[in-house]
Amino acid sequence: MGKVAEGQVSVEKFSFMTTTLNDAIGWARKYSIFQYPFVTACCGMEYMSTACSHYDVDRFGAGFPRFSPRQSDVLFVVGTISHKMAPVLKTIYEQMCEPKWVVAFGVCTCTGGFYDNYATVMGIDTIIPVDVYIPGCPPRPENVLDGLMKLQDKIQRQKQAF
Amino acid sequence: MRIESLLEHVQSRYADAVVGVAPEVRGDAAVVVKRAALRTFLAAVKSDPELDLNILMDLTALDYLHWEEKEDRFEVVYNLFSLSKNHRLFVKVRVPESDPAVDSAVPVWPAADWYEREVWDMFGIRFTGHPGLKRILMYEGFQGHPLRKDYPYNKRQPIIGPVN
Ligand code: SF4
């Protein structure tokens, strides 16, 4: 809650209204997810099949990928992240405006997967915070949709900053 | 040229450079050459009208760390091909661990540039005379050479850039 200008009343004063507003904003946010697909590897195929008409993420209000991090709410990290790519991912994350969420898509992003070697980052949560982990190599579209619904739940229930 | 006549030609013409014949590589001839004579040998087989090995198809290296029968730890392999004659020659050169360096093949085939950078990056074998021998796949600041057999496969290095 920022400072309130002279002559105005802080929203906090209307405690009965804040809770309702919180829900309303959560509802609006969870159904208008602008996603940034950070696709680096094979999981991208599964991402595409989820995004296309057969599974249709637009049913969940997440059908609008933005290719600018400044316009997106959810960062979908899809595929293996190498040490060389890690600084890029971090920059992209920092360029996104609040509120923002991160989905780790596939085991590579969750834990590094089977790449226990010199080149791969062992889970993106070593560099950026993650909200939802979707395991699988690659995860099935149903699995992705499940993760997306969990994210929506999370968005709905959190205390909205506004 | 058939493999027997090719090997015979190489052995008789370049007797002072060739150490011996290596086992065939899936039906193609392979020879081992002296490290000191490598550059002149490569330039000679490229311009030899009978061999006409005008393409460098590949250049890679091997690490024989745990092979006791091998005297030298590394081996650099050149895969040469002739478009006009449709034959192939593998040229191997043995490189000791104490001095991991061979002459660069860039003056002979400019295509060797990135291959040699990759071998440097992964195995730490230097190529003397290379125009700009720096890492090609790993980032600057990476310690060691990951395809060496004594590089621990699960070793972690600090992540670079704005992350830290
Ligand atoms: S989790 Fe599997 S499918 Fe996904 S990027 Fe990694 S290796 Fe590819």
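At-a-glance table
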{"read-out": "Charge dipole of chain A about the Cα centre (unit charges at C-beta), most positive-ward option of A:M45, A:W101, A:M122", "value": "A:W101"}
{"read-out": "0 to 90° range, to nearest 10: angle between helix B:112-123 axis and chain B longest Cα axis", "value": "50"}
{"read-out": "Accessible area expressed per residue, the protein assembly as shown, with surrounding protein chains retained (probe 1.4 Å, Å²)", "value": "53"}
{"read-out": "Tensor-based shape of the stretch B:3-100 (alpha-carbon gyration tensor, a/c under 1.5 rounded, otherwise prolate or oblate)", "value": "prolate"}
{"read-out": "Interface burial for A against B (accessible surface, 1.4 Å probe, total of both chains, Å², rounded to 100)", "value": "1300"}
{"read-out": "Fraction of accessible area attributable to carbon and sulfur, the protein assembly as shown (%, probe 1.4 Å)", "value": "56"}
{"read-out": "Computed lengthening from B:I136 to B:V19, 0.36 nm per intervening residue step minus Cα-Cα distance", "value": "39.0 nm"}
{"read-out": "Solvent accessible area, Å² - B:S12, 1.4 Å probe, full protein context", "value": "90"}
{"read-out": "Computed over the stretch B:49-164: relative contact order in percent, which uses C-alpha pairs under 8 Å that are six or more apart", "value": "20"}
{"read-out": "The stretch B:1-57 - percent relative contact order, Cα under 8 Å, separation 6 or more", "value": "26"}
{"read-out": "Kirkwood estimate for chain A, i.e. one over the average of 1/r between Cα atoms, Å", "value": "16.8"}
{"read-out": "3J(HN,Hα) from dihedral phi, the stretch A:114-126, Karplus parametrisation 6.51/-1.76/1.60, rounded to Hz, x for glycine, proline", "value": "7, 7, 9, 9, 6, 9, 9, 6, 7, x, 6, 6, 7"}
{"read-out": "Inter-label distance, nm, simple model (7 Å from Cα along the C-beta direction), A:A24/A:E142", "value": "3.8"}
{"read-out": "Heavy-atom accessible area ranking, 1.4 Å probe, most first, across B:E75, B:E68, B:E50", "value": "B:E68, B:E50, B:E75"}
{"read-out": "In degrees, nearest ten, helix B:3-13 long axis to first principal axis of chain B (Cα)", "value": "90"}
{"read-out": "Label-point gap, in nm, between A:H54 and B:E97 - each point 7 angstrom along Cα→Cβ", "value": "5.2"}
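The values are calculated or read from the model by the stated rules, or taken from the named source; none is laboratory data. Everything quoted here is computed from the prediction, not taken from an experiment. Neighbour counts run over all protein chains shown; Cβ positions are idealised from the backbone, glycine included. SASA here: full protein model, heavy atoms, side chains in, ligands and nucleic acids out. Shrake-Rupley method; radii C 1.70, N 1.55, O 1.52, S 1.80 Å.
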